[in-house]
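Structure first, commentary second.
The values are calculated or read from the model by the stated rules, or taken from the named source; none is laboratory data. Note that this is a predicted model, so its numbers are computed, not measured. In this analysis, Cβ positions are derived from the backbone assuming ideal geometry, glycine residues included, and neighbour counts consider all displayed protein chains. Please note that ligands, DNA and RNA were not included when accessible areas were found on the heavy atoms of the full protein model with its side chains. Shrake-Rupley method; radii C 1.70, N 1.55, O 1.52, S 1.80 Å.
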Amino acid sequence: MIEIATRIGGWRDVLVYHSYGIDYLQLLIQSSLKQELKKVNTKAENFCLVKMIFTKEDYEFYKKLKTLKPQMIVKERIFIKNDEEFSYSSSLMDSKGYYYLKISKDDDPEDYIKGKLRF
């Protein structure tokens, strides 16, 4: 068994993979096994971000993207139903879920960060 304690885990490995095409966890395993590492891409191919669902507006934005641009959502974990009540959120523990967006380099990621796209 190999245990790897790294800050790149959690959401970050998915973000690195969809931005750069790098399987960071595989590189860590190969490094631990002292295997030769292949050259990695150091130029981002896409933007990738993780969006948390805290508010009704966050959830509505997610549903619009899921309907109109489903190819952008590369991974998701949603803990909510349409009839869910939203309340004040004070931490990540209050999240109703999250999803990853893979955004083309031709698009402005700020639009997706703010959740203000016009469909």
- Note on the structure: Once Asp23 and Glu85 are pulled to full extension, the length gained, defined as 0.36 nm per residue separation minus their Cα-Cα distance, is 18.6 nm
- Task: Calculate one ³J(HN,Hα) per residue across the range 25-38 by plugging θ = phi - 60° into the Karplus curve 6.51 cos²θ - 1.76 cosθ + 1.60, and present them in order as whole Hz with x for glycine and proline.
- Result: 5, 5, 4, 5, 5, 4, 5, 4, 8, 6, 8, 5, 8, 6
- Query: Roughly how many nanometres apart are two label points built 7 Å out from the Cα toward the Cβ at Met93 and Ile113?
  - Reply: 2.8 nm
- Item | Dipole in debye (nearest 20) - the range 51-113, about Cα centre, beta carbon charges: Lys, Arg +1; Asp, Glu -1 | 360 debye
- Query: What lysines sit close enough to Lys64 to cross-link, taking a C-alpha to C-alpha distance under 29 Å and skipping anything fewer than 8 places away on the same chain?
  - Reply: Lys51, Lys56, Lys75, Lys81, Lys96, Lys102, Lys105, Lys114, Lys116
- Normalised contact order of the range 1-111, rounded percent, pairs of Cα under 8 Å and 6 or more residues apart: 29 percent
- Between Trp11 and Lys34, what FRET efficiency comes out of the Förster formula 1/(1 + (r/R0)^6) with R0 = 22 Å and r the beta carbon distance, rounded to 0.05? 0.20
- Query: Can you give the charge dipole size of the chain about its Cα centre, rounded to the nearest 20 debye, using +1 on the beta carbon of Lys and Arg and -1 on the beta carbon of Asp and Glu?
  - Reply: 260 debye
- With all protein chains present, the chain has a carbon and sulfur share of its accessible area (1.4 Å probe) in percent of 50 percent
- If amide H atoms are modeled at 1.01 Å from N in the peptide plane, then the residues at a separation of 5 or more from Ile78, or on another chain, having amide H under 5 Å from its own are Tyr98
- Relative contact order computed over the range 64-119 (Cα-Cα under 8 Å; 6+ residues apart), in percent: 40 percent
- Within the under-12-Å Cβ sphere about Leu15, not counting Leu15, Lys/Arg +1 and Asp/Glu -1 give a net charge of +3
- Item | Computed label-point distance, nm, for sites Thr55 and Lys43 using a 7 Å Cα→Cβ extension | 3.8 nm
